[in-house]
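The values are calculated or read from the model by the stated rules, or taken from the named source; none is laboratory data. Keep in mind that this is a model prediction, so the values were computed, not measured. Cβ placement follows ideal geometry from the backbone for every residue including glycine, while neighbour counts extend to all protein chains displayed. Note: accessible area is taken over every heavy atom of the protein model, side chains too, but ligands, DNA and RNA are not part of it. Shrake-Rupley method; radii C 1.70, N 1.55, O 1.52, S 1.80 Å.
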Amino acid sequence: MSLLIRDAHIVTAVDDYYADIFIENETITLIGKDLPVTADRIIEAEQRLVIPGCVDPHIHFDLPFGKEGIVSSDDFQSGTIAAAHGGVTTIIDFATQQPGRSTLEALEIWHEKASGKCAVDYGFHMIITDMDEQRLSEIRYLMHDEGVTSFKMFTAYPGVLYVDDGTLYRVMKEVGELGGMIAMHAENGIVIDEIVKEARSQGKKAPRWHAITRPTRMEAEAVHRCISIAEVAGAPIYIVHMSCADALEELCRARDRGVAAYGETCPQYLFLDESYYRQEGFEGAKYVMTPALREKWNQEELWRGLRMGDLQTIGTDHCPFFFETQKTIGREDFTRIPNGAPGVENRMALLFTGGVVEERISLHKFVEITSTAAAKLFGLFPRKGTIAVGSDADLVIFDPQRTETISVENPLTHHMNVDYNAYEGFEVQGVPDIVISRGSVVVENGQFVGRAGRGRYLERSQPVLV
Ligand code: URP
Ligand code: ZN
Ligand code: ZN
(Lines give C-alpha, C1' and ligand atoms only; values in the text may rest on other atoms or scores of the structure.)
(Ligands and ions follow the chains in the order given, each with its own letter.)
Protein backbone atom coordinates (compact mmCIF):
# COMPACT_ATOMS: atom_id res chain seq x y z
CA MET A 1 0.00 0.00 0.00
CA SER A 2 1.43 3.39 -0.95
CA LEU A 3 0.22 6.91 -0.37
CA LEU A 4 1.39 10.13 -1.96
CA ILE A 5 0.65 13.49 -0.35
CA ARG A 6 1.19 16.11 -3.00
CA ASP A 7 2.12 19.74 -2.44
CA ALA A 8 2.23 19.67 1.34
CA HIS A 9 3.27 22.60 3.50
CA ILE A 10 5.48 20.56 5.80
CA VAL A 11 6.11 22.00 9.23
CA THR A 12 8.04 20.22 11.97
CA ALA A 13 9.70 21.49 15.13
CA VAL A 14 12.48 22.85 12.91
CA ASP A 15 11.44 22.70 9.22
CA ASP A 16 9.10 24.73 7.05
CA TYR A 17 8.93 23.92 3.32
CA TYR A 18 6.72 22.69 0.48
CA ALA A 19 7.15 19.17 -0.89
CA ASP A 20 5.51 15.84 -1.68
CA ILE A 21 5.57 13.01 0.84
CA PHE A 22 5.66 9.43 -0.41
CA ILE A 23 4.68 6.68 1.98
CA GLU A 24 5.18 2.97 1.40
CA ASN A 25 3.32 0.71 3.75
CA GLU A 26 3.77 2.47 7.09
CA THR A 27 6.86 4.56 6.56
CA ILE A 28 7.86 7.79 4.85
CA THR A 29 10.26 6.73 2.11
CA LEU A 30 10.65 9.89 0.01
CA ILE A 31 10.20 13.61 0.50
CA GLY A 32 10.85 15.99 -2.37
CA LYS A 33 9.55 18.50 -4.86
CA ASP A 34 7.31 17.06 -7.60
CA LEU A 35 8.22 13.46 -6.86
CA PRO A 36 8.06 11.36 -10.05
CA VAL A 37 6.09 8.55 -8.41
CA THR A 38 2.56 7.29 -8.39
CA ALA A 39 0.74 5.62 -5.52
CA ASP A 40 -2.32 3.57 -4.57
CA ARG A 41 -3.81 6.74 -3.20
CA ILE A 42 -2.94 10.37 -3.84
CA ILE A 43 -4.01 13.16 -1.48
CA GLU A 44 -3.74 16.67 -2.85
CA ALA A 45 -2.68 18.75 0.14
CA GLU A 46 -2.98 21.94 -1.94
CA GLN A 47 -0.43 23.62 0.28
CA ARG A 48 -2.32 22.77 3.46
CA LEU A 49 -0.22 22.34 6.58
CA VAL A 50 1.13 18.84 7.12
CA ILE A 51 2.55 18.31 10.60
CA PRO A 52 3.65 15.28 12.63
CA GLY A 53 0.88 13.33 14.35
CA CYS A 54 0.51 14.41 17.97
CA VAL A 55 1.99 12.40 20.80
CA ASP A 56 0.01 12.55 24.05
CA PRO A 57 2.30 11.29 26.82
CA HIS A 58 -0.28 11.43 29.62
CA ILE A 59 -3.41 9.30 29.23
CA HIS A 60 -5.54 7.23 31.60
CA PHE A 61 -7.87 4.91 29.68
CA ASP A 62 -9.75 2.25 31.62
CA LEU A 63 -8.19 3.36 34.90
CA PRO A 64 -9.68 2.25 38.23
CA PHE A 65 -9.32 5.43 40.29
CA GLY A 66 -8.92 5.80 44.04
CA LYS A 67 -10.11 3.67 46.92
CA GLU A 68 -13.55 3.24 45.34
CA GLY A 69 -12.06 1.92 42.09
CA ILE A 70 -14.36 3.87 39.76
CA VAL A 71 -13.07 3.26 36.24
CA SER A 72 -12.31 6.10 33.81
CA SER A 73 -14.96 6.04 31.12
CA ASP A 74 -12.88 5.87 27.94
CA ASP A 75 -11.42 2.48 27.27
CA PHE A 76 -8.58 1.96 24.80
CA GLN A 77 -11.02 1.77 21.91
CA SER A 78 -13.24 4.79 22.48
CA GLY A 79 -10.27 6.75 23.81
CA THR A 80 -7.92 6.14 20.88
CA ILE A 81 -10.70 6.84 18.36
CA ALA A 82 -11.35 10.17 20.09
CA ALA A 83 -7.59 10.79 20.14
CA ALA A 84 -7.39 10.15 16.39
CA HIS A 85 -10.15 12.71 15.78
CA GLY A 86 -8.01 15.19 17.65
CA GLY A 87 -4.89 14.52 15.55
CA VAL A 88 -3.23 12.27 18.13
CA THR A 89 -1.46 9.29 16.57
CA THR A 90 0.50 8.12 19.62
CA ILE A 91 -0.64 7.85 23.22
CA ILE A 92 1.28 6.76 26.30
CA ASP A 93 -0.90 5.37 29.08
CA PHE A 94 0.12 4.20 32.55
CA ALA A 95 0.25 0.57 33.64
CA THR A 96 -0.23 0.61 37.40
CA GLN A 97 1.45 -1.73 39.88
CA GLN A 98 -0.80 -3.00 42.64
CA PRO A 99 0.98 -2.41 45.97
CA GLY A 100 2.90 -5.53 46.95
CA ARG A 101 2.59 -7.10 43.52
CA SER A 102 4.78 -7.35 40.48
CA THR A 103 5.11 -4.57 37.92
CA LEU A 104 5.28 -7.27 35.24
CA GLU A 105 1.83 -8.41 36.25
CA ALA A 106 0.63 -4.80 35.93
CA LEU A 107 2.06 -4.59 32.43
CA GLU A 108 0.26 -7.78 31.46
CA ILE A 109 -3.03 -6.39 32.79
CA TRP A 110 -2.61 -3.18 30.79
CA HIS A 111 -1.69 -5.14 27.66
CA GLU A 112 -4.94 -7.04 28.05
CA LYS A 113 -6.91 -3.81 28.39
CA ALA A 114 -5.34 -2.34 25.22
CA SER A 115 -4.81 -5.33 23.01
CA GLY A 116 -6.99 -5.42 19.89
CA LYS A 117 -8.66 -2.13 20.79
CA CYS A 118 -6.36 0.73 19.88
CA ALA A 119 -6.96 2.85 16.79
CA VAL A 120 -3.55 4.53 17.07
CA ASP A 121 -0.17 3.44 18.43
CA TYR A 122 0.33 3.21 22.16
CA GLY A 123 2.93 2.70 24.83
CA PHE A 124 2.97 2.40 28.61
CA HIS A 125 4.75 4.15 31.41
CA MET A 126 4.90 2.04 34.57
CA ILE A 127 3.40 3.47 37.77
CA ILE A 128 5.36 2.18 40.75
CA THR A 129 3.56 2.02 44.08
CA ASP A 130 6.20 0.13 46.02
CA MET A 131 9.61 -1.25 45.23
CA ASP A 132 11.69 -3.30 47.63
CA GLU A 133 15.24 -4.44 46.84
CA GLN A 134 14.13 -7.86 45.54
CA ARG A 135 11.86 -6.34 42.95
CA LEU A 136 14.33 -3.79 41.56
CA SER A 137 15.44 -6.19 38.81
CA GLU A 138 11.96 -5.82 37.27
CA ILE A 139 12.94 -2.32 36.17
CA ARG A 140 15.80 -3.63 34.04
CA TYR A 141 13.49 -6.25 32.52
CA LEU A 142 10.80 -3.67 31.74
CA MET A 143 13.33 -1.39 30.09
CA HIS A 144 15.27 -3.94 28.09
CA ASP A 145 12.66 -6.54 27.24
CA GLU A 146 9.33 -4.73 27.28
CA GLY A 147 10.12 -1.24 25.98
CA VAL A 148 8.86 0.46 29.12
CA THR A 149 11.50 3.13 29.72
CA SER A 150 9.68 5.60 31.96
CA PHE A 151 8.52 5.09 35.53
CA LYS A 152 5.99 7.23 37.29
CA MET A 153 5.57 7.76 41.00
CA PHE A 154 3.26 9.87 43.14
CA THR A 155 3.81 11.98 46.20
CA ALA A 156 0.02 12.54 46.13
CA TYR A 157 -2.86 10.18 47.04
CA PRO A 158 -1.58 8.73 50.37
CA GLY A 159 -2.81 5.18 50.92
CA VAL A 160 -3.42 4.64 47.21
CA LEU A 161 -0.53 5.61 44.92
CA TYR A 162 1.73 7.60 47.27
CA VAL A 163 5.33 6.51 47.71
CA ASP A 164 7.75 7.67 50.39
CA ASP A 165 11.03 9.45 49.73
CA GLY A 166 13.08 6.27 50.28
CA THR A 167 11.17 4.51 47.52
CA LEU A 168 11.56 7.55 45.31
CA TYR A 169 15.31 7.47 45.76
CA ARG A 170 15.62 3.68 45.28
CA VAL A 171 13.64 3.70 42.04
CA MET A 172 15.26 6.88 40.73
CA LYS A 173 18.74 5.48 41.29
CA GLU A 174 17.96 2.27 39.42
CA VAL A 175 16.17 4.05 36.56
CA GLY A 176 18.96 6.62 36.32
CA GLU A 177 21.64 3.93 36.11
CA LEU A 178 19.72 2.13 33.38
CA GLY A 179 19.16 5.30 31.33
CA GLY A 180 15.40 5.60 31.82
CA MET A 181 13.13 8.51 32.71
CA ILE A 182 11.29 9.25 35.95
CA ALA A 183 7.83 10.83 35.73
CA MET A 184 6.40 12.41 38.87
CA HIS A 185 3.02 13.49 40.10
CA ALA A 186 4.44 16.02 42.54
CA GLU A 187 2.17 17.32 45.29
CA ASN A 188 2.62 16.97 49.03
CA GLY A 189 -0.24 14.52 49.56
CA ILE A 190 0.49 14.05 53.25
CA VAL A 191 -0.01 17.73 54.10
CA ILE A 192 -2.90 18.05 51.66
CA ASP A 193 -4.69 15.19 53.43
CA GLU A 194 -4.36 17.06 56.73
CA ILE A 195 -5.85 20.21 55.16
CA VAL A 196 -8.64 18.09 53.66
CA LYS A 197 -9.39 16.62 57.10
CA GLU A 198 -9.65 20.12 58.58
CA ALA A 199 -12.05 21.22 55.83
CA ARG A 200 -14.29 18.17 56.12
CA SER A 201 -14.48 18.47 59.90
CA GLN A 202 -15.83 21.98 59.34
CA GLY A 203 -18.47 20.67 56.93
CA LYS A 204 -16.72 22.09 53.85
CA LYS A 205 -17.59 19.42 51.34
CA ALA A 206 -18.59 21.14 48.08
CA PRO A 207 -16.41 20.65 44.94
CA ARG A 208 -14.69 24.03 45.34
CA TRP A 209 -12.98 22.75 48.50
CA HIS A 210 -11.02 20.36 46.31
CA ALA A 211 -9.02 23.36 45.05
CA ILE A 212 -8.84 25.25 48.33
CA THR A 213 -7.36 22.23 50.12
CA ARG A 214 -4.57 21.77 47.58
CA PRO A 215 -2.40 24.92 47.79
CA THR A 216 0.05 25.67 44.98
CA ARG A 217 2.83 25.77 47.59
CA MET A 218 2.30 22.06 48.22
CA GLU A 219 2.81 21.36 44.54
CA ALA A 220 5.93 23.54 44.52
CA GLU A 221 7.32 21.82 47.63
CA ALA A 222 6.95 18.39 46.07
CA VAL A 223 8.43 19.53 42.75
CA HIS A 224 11.45 20.85 44.63
CA ARG A 225 11.79 17.67 46.72
CA CYS A 226 11.35 15.23 43.84
CA ILE A 227 13.81 17.07 41.61
CA SER A 228 16.33 17.24 44.46
CA ILE A 229 16.06 13.50 45.10
CA ALA A 230 16.36 12.75 41.38
CA GLU A 231 19.40 15.00 41.17
CA VAL A 232 21.11 13.09 43.98
CA ALA A 233 20.00 9.73 42.56
CA GLY A 234 21.22 10.67 39.08
CA ALA A 235 17.97 10.27 37.14
CA PRO A 236 16.32 12.58 34.63
CA ILE A 237 12.93 13.63 35.90
CA TYR A 238 9.76 14.76 34.12
CA ILE A 239 7.15 16.49 36.26
CA VAL A 240 3.69 15.73 34.93
CA HIS A 241 0.71 18.10 34.86
CA MET A 242 2.36 21.24 36.22
CA SER A 243 -0.42 23.63 37.11
CA CYS A 244 1.02 26.83 38.56
CA ALA A 245 3.74 29.44 38.70
CA ASP A 246 4.92 28.34 42.17
CA ALA A 247 5.80 24.88 40.89
CA LEU A 248 7.23 26.16 37.62
CA GLU A 249 9.58 28.42 39.56
CA GLU A 250 11.06 25.35 41.27
CA LEU A 251 11.50 23.60 37.93
CA CYS A 252 13.21 26.66 36.44
CA ARG A 253 15.54 26.94 39.41
CA ALA A 254 16.63 23.32 38.98
CA ARG A 255 17.06 23.66 35.23
CA ASP A 256 19.12 26.80 35.72
CA ARG A 257 21.61 24.83 37.76
CA GLY A 258 21.79 22.20 35.02
CA VAL A 259 19.57 19.44 36.40
CA ALA A 260 17.93 17.15 33.81
CA ALA A 261 14.45 18.18 34.92
CA TYR A 262 11.55 18.54 32.49
CA GLY A 263 7.97 19.69 32.78
CA GLU A 264 4.61 18.99 31.24
CA THR A 265 1.57 21.16 31.51
CA CYS A 266 -1.95 20.41 30.29
CA PRO A 267 -4.65 22.31 28.40
CA GLN A 268 -6.80 22.50 31.55
CA TYR A 269 -4.16 24.61 33.32
CA LEU A 270 -3.77 26.88 30.28
CA PHE A 271 -7.47 27.42 29.55
CA LEU A 272 -9.48 26.77 32.74
CA ASP A 273 -9.16 28.26 36.22
CA GLU A 274 -10.43 27.91 39.77
CA SER A 275 -13.56 29.97 39.04
CA TYR A 276 -14.96 26.81 37.37
CA TYR A 277 -15.41 25.33 40.84
CA ARG A 278 -17.73 28.17 41.76
CA GLN A 279 -20.33 27.29 39.14
CA GLU A 280 -23.93 26.60 40.14
CA GLY A 281 -24.78 23.45 42.08
CA PHE A 282 -22.52 20.46 41.62
CA GLU A 283 -21.13 21.60 38.21
CA GLY A 284 -17.70 22.20 39.74
CA ALA A 285 -17.28 18.42 40.07
CA LYS A 286 -16.62 18.29 36.32
CA TYR A 287 -13.32 20.03 37.02
CA VAL A 288 -12.24 18.04 40.05
CA MET A 289 -8.82 16.94 38.94
CA THR A 290 -5.43 16.80 40.57
CA PRO A 291 -3.63 19.20 40.75
CA ALA A 292 -6.66 21.46 40.94
CA LEU A 293 -7.38 24.36 38.62
CA ARG A 294 -5.54 27.47 39.79
CA GLU A 295 -6.05 31.22 39.83
CA LYS A 296 -6.18 32.54 36.29
CA TRP A 297 -2.96 34.57 36.40
CA ASN A 298 -0.97 31.31 36.50
CA GLN A 299 -1.95 30.60 32.89
CA GLU A 300 0.30 33.26 31.36
CA GLU A 301 3.19 31.99 33.47
CA LEU A 302 2.71 28.50 32.07
CA TRP A 303 2.55 29.85 28.52
CA ARG A 304 5.77 31.70 29.23
CA GLY A 305 7.30 28.44 30.47
CA LEU A 306 6.35 26.75 27.19
CA ARG A 307 7.60 29.62 25.06
CA MET A 308 10.94 29.81 26.86
CA GLY A 309 11.50 26.05 26.90
CA ASP A 310 11.21 25.52 30.66
CA LEU A 311 8.15 23.36 30.04
CA GLN A 312 8.69 20.89 27.22
CA THR A 313 5.40 19.16 26.56
CA ILE A 314 1.63 19.22 26.71
CA GLY A 315 -0.05 16.07 27.99
CA THR A 316 -3.77 15.97 28.54
CA ASP A 317 -3.96 13.78 31.66
CA HIS A 318 -7.12 12.55 29.93
CA CYS A 319 -9.04 10.77 32.69
CA PRO A 320 -12.78 11.13 32.06
CA PHE A 321 -15.63 10.23 34.37
CA PHE A 322 -19.32 10.61 33.56
CA PHE A 323 -20.79 13.58 35.37
CA GLU A 324 -24.20 12.01 35.89
CA THR A 325 -23.18 8.56 37.04
CA GLN A 326 -19.60 8.77 38.27
CA LYS A 327 -18.76 12.28 39.50
CA THR A 328 -22.04 12.32 41.44
CA ILE A 329 -20.75 9.76 43.90
CA GLY A 330 -19.11 12.76 45.58
CA ARG A 331 -22.24 14.92 45.70
CA GLU A 332 -22.11 15.11 49.50
CA ASP A 333 -18.33 15.05 49.84
CA PHE A 334 -15.75 16.35 47.36
CA THR A 335 -13.16 13.79 48.48
CA ARG A 336 -15.27 11.06 46.88
CA ILE A 337 -15.43 12.72 43.45
CA PRO A 338 -13.21 10.73 41.07
CA ASN A 339 -10.32 12.95 40.02
CA GLY A 340 -9.87 13.67 36.34
CA ALA A 341 -11.34 15.25 33.24
CA PRO A 342 -11.52 14.56 29.51
CA GLY A 343 -9.27 16.30 26.97
CA VAL A 344 -7.38 14.03 24.58
CA GLU A 345 -9.52 15.03 21.60
CA ASN A 346 -9.32 18.80 22.00
CA ARG A 347 -5.64 19.38 22.82
CA MET A 348 -4.44 20.15 19.32
CA ALA A 349 -7.16 22.67 18.43
CA LEU A 350 -6.96 24.37 21.83
CA LEU A 351 -3.19 24.69 21.71
CA PHE A 352 -3.17 25.96 18.15
CA THR A 353 -5.78 28.57 19.04
CA GLY A 354 -4.35 29.74 22.35
CA GLY A 355 -0.76 29.30 21.20
CA VAL A 356 -0.31 30.05 17.51
CA VAL A 357 -3.43 32.06 16.62
CA GLU A 358 -3.14 34.17 19.76
CA GLU A 359 0.60 34.56 19.10
CA ARG A 360 1.97 33.14 22.32
CA ILE A 361 4.11 30.51 20.57
CA SER A 362 5.42 29.85 17.06
CA LEU A 363 4.13 27.10 14.80
CA HIS A 364 7.40 25.21 15.34
CA LYS A 365 6.97 25.41 19.11
CA PHE A 366 3.43 24.14 18.69
CA VAL A 367 4.74 21.02 16.90
CA GLU A 368 7.51 20.64 19.44
CA ILE A 369 5.25 20.71 22.52
CA THR A 370 2.44 18.59 21.04
CA SER A 371 4.62 15.98 19.36
CA THR A 372 8.42 16.18 19.04
CA ALA A 373 9.53 16.76 22.63
CA ALA A 374 7.38 13.95 24.03
CA ALA A 375 8.66 11.60 21.32
CA LYS A 376 12.21 12.47 22.33
CA LEU A 377 11.77 12.33 26.09
CA PHE A 378 9.94 9.01 25.92
CA GLY A 379 12.18 7.17 23.49
CA LEU A 380 10.10 7.34 20.32
CA PHE A 381 12.10 9.80 18.23
CA PRO A 382 12.65 9.88 15.24
CA ARG A 383 10.15 7.13 14.60
CA LYS A 384 7.48 9.48 15.97
CA GLY A 385 7.44 13.23 16.44
CA THR A 386 8.75 14.39 13.08
CA ILE A 387 8.36 14.15 9.31
CA ALA A 388 11.45 12.51 7.84
CA VAL A 389 12.49 9.66 5.57
CA GLY A 390 12.36 6.53 7.71
CA SER A 391 9.88 7.92 10.24
CA ASP A 392 6.48 6.35 10.73
CA ALA A 393 3.95 8.05 8.49
CA ASP A 394 1.96 9.62 11.34
CA LEU A 395 0.71 12.85 9.84
CA VAL A 396 -1.96 15.45 10.27
CA ILE A 397 -3.23 17.49 7.35
CA PHE A 398 -4.28 20.51 9.30
CA ASP A 399 -6.56 23.38 8.40
CA PRO A 400 -5.30 26.42 10.31
CA GLN A 401 -8.30 28.55 9.31
CA ARG A 402 -11.29 26.33 10.04
CA THR A 403 -13.17 27.16 13.20
CA GLU A 404 -15.27 24.96 15.47
CA THR A 405 -17.14 25.42 18.71
CA ILE A 406 -16.14 22.68 21.12
CA SER A 407 -19.18 20.99 22.56
CA VAL A 408 -20.32 17.63 23.80
CA GLU A 409 -23.09 18.06 21.21
CA ASN A 410 -20.75 18.81 18.28
CA PRO A 411 -19.97 15.58 16.40
CA LEU A 412 -16.78 17.19 15.07
CA THR A 413 -15.31 17.95 18.49
CA HIS A 414 -16.51 15.26 20.86
CA HIS A 415 -16.09 11.50 20.45
CA MET A 416 -14.88 10.85 24.00
CA ASN A 417 -17.05 8.50 26.03
CA VAL A 418 -18.17 11.04 28.59
CA ASP A 419 -21.27 13.17 29.01
CA TYR A 420 -19.62 16.60 29.16
CA ASN A 421 -16.76 18.48 27.57
CA ALA A 422 -14.49 20.46 29.87
CA TYR A 423 -14.09 23.12 27.13
CA GLU A 424 -17.79 23.47 26.34
CA GLY A 425 -18.41 26.56 24.20
CA PHE A 426 -14.75 27.30 23.46
CA GLU A 427 -14.24 28.67 19.94
CA VAL A 428 -11.19 27.12 18.33
CA GLN A 429 -9.39 27.92 15.11
CA GLY A 430 -7.28 25.21 13.47
CA VAL A 431 -8.45 21.62 13.29
CA PRO A 432 -7.21 18.37 11.75
CA ASP A 433 -8.68 17.66 8.29
CA ILE A 434 -7.08 14.27 7.66
CA VAL A 435 -5.26 12.13 10.20
CA ILE A 436 -2.86 9.42 9.05
CA SER A 437 -1.50 6.73 11.34
CA ARG A 438 1.41 4.66 9.99
CA GLY A 439 0.43 5.39 6.41
CA SER A 440 -3.25 4.67 6.83
CA VAL A 441 -5.93 7.39 6.81
CA VAL A 442 -7.80 7.07 10.11
CA VAL A 443 -9.87 10.26 10.15
CA GLU A 444 -11.27 12.06 7.12
CA ASN A 445 -14.28 14.36 6.65
CA GLY A 446 -14.90 14.21 10.39
CA GLN A 447 -15.35 10.43 10.26
CA PHE A 448 -13.25 7.72 11.81
CA VAL A 449 -12.24 5.49 8.91
CA GLY A 450 -9.51 3.52 10.67
CA ARG A 451 -9.81 0.28 12.55
CA ALA A 452 -9.78 -0.39 16.27
CA GLY A 453 -7.00 -2.92 16.81
CA ARG A 454 -4.68 -1.50 14.17
CA GLY A 455 -2.80 0.56 16.75
CA ARG A 456 0.47 -1.10 17.67
CA TYR A 457 2.23 -1.39 21.01
CA LEU A 458 5.38 0.74 20.99
CA GLU A 459 8.48 -0.66 22.60
CA ARG A 460 10.23 2.54 23.53
CA SER A 461 13.96 3.29 23.69
CA GLN A 462 15.89 5.38 26.17
CA PRO A 463 14.97 9.06 26.35
CA VAL A 464 16.71 11.65 24.22
CA LEU A 465 17.27 14.43 26.74
CA VAL A 466 16.11 17.66 25.08
O1 URP B 1 -7.03 14.17 38.42
C2 URP B 1 -6.25 13.47 37.81
N3 URP B 1 -5.16 14.02 37.37
N4 URP B 1 -6.52 12.16 37.61
C5 URP B 1 -5.71 11.20 36.99
C6 URP B 1 -4.65 10.66 37.87
C7 URP B 1 -3.49 11.60 38.00
O8 URP B 1 -3.26 12.11 39.08
O9 URP B 1 -2.77 11.86 37.04
ZN1 ZN C 1 -1.29 12.79 38.46
ZN1 ZN D 1 -2.49 11.56 35.20
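Could you figure out which of (1) charged (D, E, K, R); (2) more than 16 Å from ligand 3 (Cβ to nearest atom); (3) closer than 24 Å to residue 422 by Cα isn't true of residue 214? Against the list (1) charged (D, E, K, R); (2) more than 16 Å from ligand 3 (Cβ to nearest atom); (3) closer than 24 Å to residue 422 by Cα, residue 214 comes up short only on (2). For the range 447-466: of the residues being in a loop (DSSP other than H, G, I, E, B) and hydrophobic (A, V, I, L, M, F, W, C), which is surrounded by the most Cβ atoms within 10 Å (Cβ to Cβ)? Step by step, filter the range 447-466, then rank; the result is 458. Listed by first and then second residue, the pairs linking a residue in the range 335-349 that is closer than 20 Å to residue 75 by Cα and more than 16 Å from ligand 2 (Cβ to nearest atom) to a residue that is open to solvent by 10 Å² or more (accessible area, probe 1.4 Å) and not in a loop (DSSP other than H, G, I, E, B), with Cβ atoms under 7 Å apart and 6 or more places separating them unless they lie on different chains, are 345/85. Residues in the range 192-220 that are open to solvent by less than 60 Å² (accessible area, probe 1.4 Å) and in a helix (DSSP H, G or I): 192, 195, 196, 199, 209, 210, 211, 216, 218, 219, 220.
Under 8 Å between Cβ atoms, at least 6 apart or on separate chains: pull out the pairs that start in the range 265-292 with a residue that is open to solvent by 40 Å² or more (accessible area, probe 1.4 Å) and end on any residue that is within 11 Å of ligand 1 (Cβ to nearest atom). Between residues of the range 265-292 that are open to solvent by 40 Å² or more (accessible area, probe 1.4 Å) and residues that are within 11 Å of ligand 1 (Cβ to nearest atom), the close pairs are 274/292; 274/293; 276/287; 276/293.
Among the residues making up the range 108-119, a single one is in contact with a helix residue (DSSP H, G or I) (Cβ under 7 Å, 6 or more places away or on another chain), among the aliphatic types (A, V, I, L, M) and assigned to a helix (DSSP H, G or I): 114.
If I ask for residues that are within 18 Å of residue 376 (Cβ to Cβ) and either open to solvent by 20 Å² or more (accessible area, probe 1.4 Å) or out of contact with any Leu (no Cβ under 9 Å at 6 or more places or on another chain) (or both), which ones from the range 309-330 would you list? Within the range 309-330, 309, 310, 315 meet the criteria.
Contact map, the range 110-132: residues that are among the polar types (S, T, N, Q) paired with residues that are outside any loop (DSSP other than H, G, I, E, B) and open to solvent by 10 Å² or more (accessible area, probe 1.4 Å), Cβ distance under 9 Å, separation 6+ or inter-chain. Pairs shown: 115/457; 129/96; 129/162; 129/167. Evaluate the range 227-244: report whether one residue or more is among the polar types (S, T, N, Q) and either within 21 Å of residue 428 (Cβ to Cβ) or more than 16 Å from ligand 3 (Cβ to nearest atom) (or both). Yes, the range 227-244 contains at least one residue that is among the polar types (S, T, N, Q) and either within 21 Å of residue 428 (Cβ to Cβ) or more than 16 Å from ligand 3 (Cβ to nearest atom) (or both).
Listed by first and then second residue, the pairs with beta-carbon distance under 7 Å, at least 6 apart or on different chains, first residue in the range 307-320 and within 22 Å of residue 258 (Cα to Cα) and without any contact (Cβ under 8 Å) to a residue 60 or more places away in the chain, second open to solvent by 10 Å² or more (accessible area, probe 1.4 Å) and away from ligand 2 (no atom under 12 Å from the Cβ), are 307/360; 307/361; 307/365. Within the range 415-446, the residues that satisfy the criterion of being touching a helix residue (DSSP H, G or I) at 6+ places or on another chain (Cβ under 9 Å), of a type outside the set (Gly, Ala, Ser) and assigned to a strand (DSSP E or B) are 427, 428, 429, 431, 432, 435, 442, 443. When we screen 442, 389, 435 for residues that are at pLDDT 95 or above and over 20 Å from residue 92 (Cβ atoms), the only hit is 389.
Residues checked against (1) assigned to a helix (DSSP H, G or I); (2) within 16 Å of ligand 1 (Cβ to nearest atom); (3) open to solvent by 10 Å² or more (accessible area, probe 1.4 Å):
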{"residue": "37", "(1), (2), (3)": "no, no, yes"}
{"residue": "46", "(1), (2), (3)": "no, no, yes"}
{"residue": "50", "(1), (2), (3)": "no, no, no"}
{"residue": "57", "(1), (2), (3)": "no, yes, no"}
{"residue": "61", "(1), (2), (3)": "no, yes, no"}
{"residue": "78", "(1), (2), (3)": "yes, no, yes"}
{"residue": "81", "(1), (2), (3)": "yes, no, yes"}
{"residue": "91", "(1), (2), (3)": "no, yes, no"}
{"residue": "101", "(1), (2), (3)": "no, no, yes"}
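Select from the range 148-181 the residues that are more than 16 Å from ligand 2 (Cβ to nearest atom) and either of a type in the set (Phe, Trp, Tyr) or in a loop (DSSP other than H, G, I, E, B) (or both) and write down the one among them that is surrounded by the fewest Cβ atoms within 10 Å (Cβ to Cβ). My answer is 164.
For the range 390-414, which positions are open to solvent by 70 Å² or more (accessible area, probe 1.4 Å) and either under 22 Å from the mean Cα position of the chain (by Cα) or of a type in the set (Ser, Thr, Tyr) (or both)? 403, 412 - these are the residues of the range 390-414 that are open to solvent by 70 Å² or more (accessible area, probe 1.4 Å) and either under 22 Å from the mean Cα position of the chain (by Cα) or of a type in the set (Ser, Thr, Tyr) (or both). Among the residues making up the range 353-368, those that are under 15 Å from residue 268 (Cα atoms) and either open to solvent by less than 10 Å² (accessible area, probe 1.4 Å) or without any contact (Cβ under 8 Å) to a residue 24 or more places away in the chain (or both) are 354, 355. It is to be established whether one or more residues within the range 378-389 are closer than 19 Å to residue 284 by Cα and open to solvent by less than 10 Å² (accessible area, probe 1.4 Å). No.
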